[in-house]
Every structure is written in structure tokens, then in C-alpha cells.
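For reference, the structure is listed below as C-alpha cells.
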Amino acid sequence: MQFDKRKSGISLIDDLPWGSHFCQFYQTRKDLLDKLVPYFKAGLESNELCVWVTTEPLSTEDVRKALEKALPNFENYAENGQIEIIPDRMWLARGGKSGKAVVSRVDKAVSAGFDGLRLACNAFPEKEGSKVFSCYGAEAVGRYNVIALFAYPRDKFDAVGLMEVVKNHRFALVRNADRWEVIESSEARTVKDALKRSEEKLQSLFSNMSEGFAYHRVVLDARGKPCDYLFLEVNDAFERLTGLKGKDIIGKRVTEALPGIEKDQADWIGKYGKVAMTGRPAHFESYSESLNRWYSVSAFSPHKGFFAVTLSDITERKRGEEARKKAEEYITTLNEKLKRNVEELSSANKELEAFSYTVSHDLRSPLRSIDGFSQEILEDYGDKLDNDGVDALRRIRAASQRMGLLIDGLLNLSRLSRSEIVRGTVDLSLMAHDIAADLRKAQPGRAVEIVIAEGLTDEGDERLLYVLLQNLLGNAWKFTGKVANARLEFGVNQIDGGKAYFVRDNGAGFDMAFAGKLFRPFQRLHDTVDFSGTGIGLATVQRIVHRHGGRVWAEGEGGRGATFYFTLK
Amino acid sequence: MKNKVILLVEDNPDDVKLTLRALKKNNIVNEVIVANDGTKALDYLFGDGEYAGRDTSKTPQVILLDLNMPRVGGIEVLQRMRADERTKLLPVVVLTTSIEDADRVESYRLGANSYVRKPVDFDQFAKAVQQLGLYWLLLNEAP
């Protein structure tokens, strides 16, 4: 993968992955400078911490001068602490043999914000005077972001010894006459090819995987705390999922690519920094404020100071969850509102009950006095009154009795609204027959044709539906009182795909212009003289129909009868 | 029968007058004791207060009891009567303006013998009183 490749700086060698170490055979100072100067030049220019362990015949001074010559801005690198030139004795004294020196430089590289460590060092004889040389620290190289070149003194090896060294390295740089050559061990080549194939596979996986993948290096602040991170490599899916283009962000800090990310609630820099510095992988789901999307993220650290993330976009799922949560909250609010409304309604109902009680008791009592004492005057003092006086008292009595009826009507109406509906199957035809029989019994002298459709049953409150039919049939009976061939009909029609019951008569009828007023309490379209009544009957009918979730309406014509329709739910 | 009294518990003087008139009109000449609130009614029944020392074994033939009265209401009077051995079985006719279901149900639950709603129309009222008198004073055998 590209993000793992470093420029070697040496023309004979390709880019190298982190963890590589190779060797060079030298004879002269020039041999060393020839290869090591461009090697470190590339390292310095690629943001790597460079450590050059010098050995005879090179002094630290020689090295410094050579680098100054090759790099015009060498001083800047030196001031930044990006290069350390250290004599081999000191290197060994500080743990060069055990690999401790390498690890401490790796830590320094990470905390100073470098991509990794580039090392050049001599191979040392295992014992004083021994012919067996070792590149000390090479095991540490393989575990971290390190590239290392180990220099072997050519003259200390015979052909067999030389081949032995070459075999242990991926490749070796050897000067043959005036030309440098790369000797690659066949073993190493096989491994390299296999590695290349596996890398190719990995590369293909990397580009084609549906999860976004990105590789980063953390940037630490003065106190060594992660404060930013750099994009080193991203795959196609990452570009697609974030909308960030690799060419725009590679090598850039995230605070540049996504300004404001340091203030994001999800604390991306903090979370990733922890992964990179502790090496403990993390998995989390977070919302990115700058990208306005939700991601499921796995982060791990292949090397200290570096981290890789795989991410998938879970915005749709999260939004779905949010929408559901919102809907649930909304329903909860509605329920609470409903509960409050019900409570208010029930308290209003209680007030109404108290009011009805007052009306029933306090308004009727004085009426009884008015009527009763008027009667007393009529009985005890009737002989002292003239006809007008008697008539006036009779009117007083009639009016107070009528008011008593109105109050009773009003109370019944309010009771209809308050009483609980008890639903059951009701035989409306049977009910109509009962009511008709009662009507005939009350006025046996009238000849009225009553037609009732048979077998009409429906769901509803038996008591309320009885009151409803009683009112409608009673009205029809009453308003046909002055026609010759009085006829009442109760039946059902199909209207708008539902059952609409009707009560029809050929009586007094009404003017359709007043149809809207019919169902209002105390609205009467006929004189009390012509037809008695309180004006509460149709209001009662309407209330009963509404309590059943139905509709009621009327059709009529003055003098040509009326039809009242109602539906039940 | 004539020496049996009727106890009328009624706070409204109009209603008292009208009830007495209705009784008279129907030739019911029994003595009528009027208690214009619940306390007085209980005093009469149990021989307390202004009726201290009254022979409480002489019980009314029937009690006509209004419900809505200040201080001690009809429901409480009924309750206290039914809780006491001396008045437990006395016939009580609730005579009220109220048509509230709750009042009716409560009255019967507490042991009222009848529940009659006072009609506005005096003729009807007189008729009701006549029927009550006929039943409770003539037909009904006291316990």
C-alpha cells in the first residue's frame, strides 16, 4: 500500500516499506558518503527523524559537512531536531546493541510529529575481534516505522562471509570496481515476490472494499497530547463516504481538511489520538458535525503515533432511529396532551353536573311556588277576580309549567351527553313497532298509516336509540296531526355506500331554508299553538346520533312532509 | 289513624305551605310536624333540643323528607335514622326537586321507602300528595 512506502533516495533501490533494513559494503569514506548522503536527504525531505551513527573512517564532522553541501537548508533540519549524528561508541553506550536506542528514537519521532525513523548504522562484530558481524537493533526495525541501513566493512569479509551477509538481507549494496550493484538473495527475492503479490491483493482489497479506509499520523502538541492528525492514505470508499478527495487531503491536517473538527462533540482527534498512542483499538458510532453524517468507525494502530480507520456510513439507520425516537416523543406528548384534555373534560363534566343539579333544583323550586300560589289564588279568591284576572293567572301557571318542561328538556339533553354509551345489537324495527303502538294508544282517535321496514338491526346504545326513534316518530306523528291521510314510514336507504335510516311523514314539513336551524336546542319552526313542543327533541336526536359517530340531516318542503335521515357507526 | 302525625322535613317555606295545602285539599287532616332543617327533624325523632323529653315512642306515620337543605341534609337524616333502632323502620318518602340519578340511587341505598319528584304543576303535585297520603296513611301497615 502506498502509504507504507518510503523513498530510499538511492537510485538503485525502489521505494521501501517501513520495517525494511538492508546493507551496504564499504571500503572508503567515499563509499559511505556516496550512498548515505542521498539516503538521509530523502529521509529529511520526507519528514522522517534521521539518525546517522558514524563510524571510522567517518567523523560526525565529515558527515555534517557532506550533508550541508547536499542540502542547502540542512541547518533548518538540524535546528528542528530532525537529524542526529552520533558516533558509534556513544550509540552502543546508549543501548545500540539491545535495540533500546532504536525504540527511544521511534518514540521521539512519534512525539515530534515525524512519520518515522531513518537509521544508518554500522554492523558490529559480535565480540571484540570476532569475524561474525551483526546489525544490532534490526529486530526493532521490523516492528516500527523504521528504515535502517547497516554498513559492513568490505575488507573484513571473505567471499563466503560476504555471501552469508547478503543472504540475511533483502538486498545488499556492493561496489564492483566503480559501479554500485544490488545483490538480492534468491530467498529474499522469493519473499519479495510473494509479498508483492499479497500487497497487490491487499491493494485491490483496499481500493474495492465497501468500507472507507484511511491511514493517519497523529500530530502532538507541545505537551505530547494529540491535537491533530494527518491524512496519509485513503481509499475510494473513504472518498465516497466522506466526500473528501484524496488528492485534496493527503499530507494535510484534518483541521485544514475539515475546519472546526477540533470542536466536534464526537472528539475525533481525542479518540483517534488515544488509539494511536496506546495501541488499543476502538470501535464507536459517532456523528460528524463537519460532514453532517453518522459513521460506524473501527480504529487501530499499526505503529505508535499512527492509526488506520475503517468506517461505514450509518446515517440512514441513525436518522431512522432519530425519526422513530422523535415520533415516539411526539406520541408521548400527544398522549400527555390527550390525558390533560381528558382530565379537563372530566372536570368540565363535573362542573356541568353540578350546574345541572343547581338548575334542576334551584330553578324548578321557584316555578313550583309561582304555579302553586297562582293556583291558590284561583281556588281561594277566584270569585273576587274578573275574567281577565283569572286568565292572567292561568297564563302565569301555563308559562311556569312550560318553563318546567324546558328545564327538564335541557337536563335530559345534558344527561344524554354525559351518560356512558353501552353498545349492543339493537332491533330498530321492533323498537319502532313499540313506539308506534304507544303513539296509537295515546291518541286512539287518529287514523295514521305506519309503515315499518322489517329486520332492521344495528349496533348501538339501546336506551339512546329508543329516545332517538321516539323523538323522530313522535315528531312525525305530531306534524301529521292536521293532514287527512297521515302516513309515517321508517326504513333504510343506501347512501354513500352506507346505511342511512329514515323517518318520513306527509305532514306539515318545513322550509328547507331553515333546515340548518332544525337541530339547535329551542329552535322551533312551528307555532306552539299549531304544534306543542319544547324545541329540544331534534337537538336530542342530533346528540344521540353524534354520540354514535353518525350523521343526521333532514329534507322537507312546507306542507309536503319531511324526511329525517340518520346514520350510525 | 288521625292521631298519627306526619313529619314534614322541608326548608323552603313555599314548599311547606304548598305541601300543607295539598294535604288539606286531599282531606288529610293528620297533624303535620314541620322541621325546617335536618337538625330539627333529628331532634324531633330522638327527643333532643327543643323536643327534649318528648315521648319518642310516638313515631310519625310517615316522614316526608326533602334532600337539599342547609347544614344537615336529607341524605344525612336518612342515614342517621336508619342507623338507630328507634327509627330504623319508619317509612320515609323522599320528596325532592332533584332528578339526579345519584340522589335517587343514594336515597334507595340508604333505605328510603319511596322517591317522589315534586312536579312544577301544582295540580300534579296535589295529586302526588294525595296518592302518598292514601298509601302511607291508609293502606300501609306500619311495621
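Would you pick out the residues in the range B:30-71 that are over 16 Å from the mean Cα position of the chain (by Cα) and among the β-branched types (Val, Ile, Thr)? Residue satisfying the conditions is B:Thr56 alone.
Here B:Lys88 meets the list (1) more than 14 Å from chain A (Cβ to nearest Cβ); (2) buried (at least 17 other Cβ atoms within 10 Å of the Cβ); (3) in a loop (DSSP other than H, G, I, E, B) almost entirely, failing just condition (2). Give me the pairs, please: first residue somewhere in the range A:374-403 and more than 10 Å from every other protein chain (Cβ to nearest Cβ), second residue anywhere and among the polar types (S, T, N, Q), beta-carbon distance under 7 Å, and either six or more positions apart or on two chains. That search, which allows pairs on different chains as well, returns A:Leu393/A:Ser374; A:Ile396/A:Ser374.
For the range A:254-290, how many residues meet the condition of being of a type in the set (A, V, I, L, M, F, W, C), farther than 14 Å from A:Lys304 by Cα and either more than 17 Å from the chain's Cα centre (by Cα) or at pLDDT 90 or above (or both)?
Qualifying residue count, the range A:254-290: 8.
Any residue at all in the range B:99-106 that's without any contact (Cβ under 8 Å) to a residue 60 or more places away in the chain, more than 14 Å from chain A (Cβ to nearest Cβ), surrounded by 16 or more Cβ atoms within 10 Å (Cβ to Cβ) and in contact with a helix residue (DSSP H, G or I) (Cβ under 8 Å, 6 or more places away or on another chain)? Checked against the condition, which is being without any contact (Cβ under 8 Å) to a residue 60 or more places away in the chain, more than 14 Å from chain A (Cβ to nearest Cβ), surrounded by 16 or more Cβ atoms within 10 Å (Cβ to Cβ) and in contact with a helix residue (DSSP H, G or I) (Cβ under 8 Å, 6 or more places away or on another chain), the range B:99-106 yields no hits at all. Here the strands (runs of 3 or more DSSP E) wholly within the range A:118-215 that include at least 1 residues being touching a residue at least 12 places away in the same chain (Cβ under 8 Å) and hydroxyl-bearing (Ser, Thr, Tyr) are A:146-153.
Residues checked against (1) closer than 28 Å to A:Glu126 by Cα; (2) part of a helix (DSSP H, G or I); (3) hydrophobic (A, V, I, L, M, F, W, C):
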| site | (1), (2), (3) |
| --- | --- |
| A:Gly9 | no, no, no |
| A:Ile13 | no, no, yes |
| A:Cys23 | yes, no, yes |
| A:Pro38 | no, yes, no |
| A:Trp52 | yes, no, yes |
| A:Glu61 | yes, yes, no |
| A:Ala101 | yes, yes, yes |
| A:Phe114 | no, no, yes |
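Go through the range B:107-143 and count every residue that is assigned to a helix (DSSP H, G or I), under 16 Å from B:Ile28 (Cβ atoms) and more than 14 Å from every other protein chain (Cβ to nearest Cβ). Going through the range B:107-143 one residue at a time, the tally reaches 10.
Looking at B:Asp66, is it within 14 Å of another protein chain (Cβ to nearest Cβ) and of a type in the set (Asp, Glu)? First the steps, then the outcome.
Values: within 14 Å of another protein chain (Cβ to nearest Cβ): yes; of a type in the set (Asp, Glu): yes.
When the stated conditions are applied, B:Asp66 passes them.
For the range A:10-25, the set of residues classified as at pLDDT below 85 and more than 18 Å from A:Arg143 (Cα to Cα) consists of A:Ser11, A:Leu12, A:Ile13, A:Asp14, A:Asp15, listed by residue number. With respect to A:Asp427, determine if the residue is touching a strand residue (DSSP E or B) at 6+ places or on another chain (Cβ under 7 Å), away from chain B (no Cβ under 14 Å) and not aliphatic (A, V, I, L, M). So A:Asp427 fits the description; yes. Scanning the range A:388-424 for residues that are touching a strand residue (DSSP E or B) at 6+ places or on another chain (Cβ under 6 Å) and modelled with pLDDT of 85 or more returns A:Val422, A:Arg423. The condition (being in contact (Cβ under 8 Å) with a residue 12 or more places away in the chain and charged (D, E, K, R)) is satisfied by just one residue among A:Glu61, A:Glu68, A:Glu84, A:Glu75: A:Glu84. Mind listing whichever residues of the range A:340-373 are under 57 Å from the mean Cα position of the chain (by Cα) and either under 19 Å from B:Phe122 (Cα atoms) or within 7 Å of chain B (Cβ to nearest Cβ) (or both)? Across the range A:340-373, the qualifying residue is only A:Tyr357. For the range A:333-350, the count of residues that are on the phi < 0 side of the Ramachandran plot, surrounded by 10 or more Cβ atoms within 10 Å (Cβ to Cβ) and in contact with a Gly (Cβ under 8 Å, 6 or more places away or on another chain) is zero.
So which residues in the range B:6-27 are under 14 Å from the mean Cα position of the chain (by Cα) and surrounded by fewer than 20 Cβ atoms within 10 Å (Cβ to Cβ)?
Within the range B:6-27, the subset under 14 Å from the mean Cα position of the chain (by Cα) is B:6-12, B:15-16, B:19-20, B:23.
Selection gives B:Asp11, B:Asn12, B:Val16, B:Leu20.
How many residues does the range B:1-22 hold that are touching a helix residue (DSSP H, G or I) at 6+ places or on another chain (Cβ under 8 Å) and away from chain A (no Cβ under 13 Å)? Matching residues across the range B:1-22 total 6.
Do you know which residues across the range B:23-43 are more than 14 Å from B:Leu64 (Cα to Cα) and within 14 Å of chain A (Cβ to nearest Cβ)? Across the range B:23-43, the qualifying residues are B:Lys24, B:Lys25, B:Asn26.
Apart from one condition, B:Phe46 fits all of (1) in contact with a helix residue (DSSP H, G or I) (Cβ under 9 Å, 6 or more places away or on another chain); (2) within 14 Å of another protein chain (Cβ to nearest Cβ); the exception is (2).
The values are calculated or read from the model by the stated rules, or taken from the named source; none is laboratory data. The structure displayed is predicted, hence computed values, not measured ones. A quick note on method: Cβ atoms are made from the backbone with ideal geometry, for glycine too, and the neighbour counts reach across all protein chains shown.
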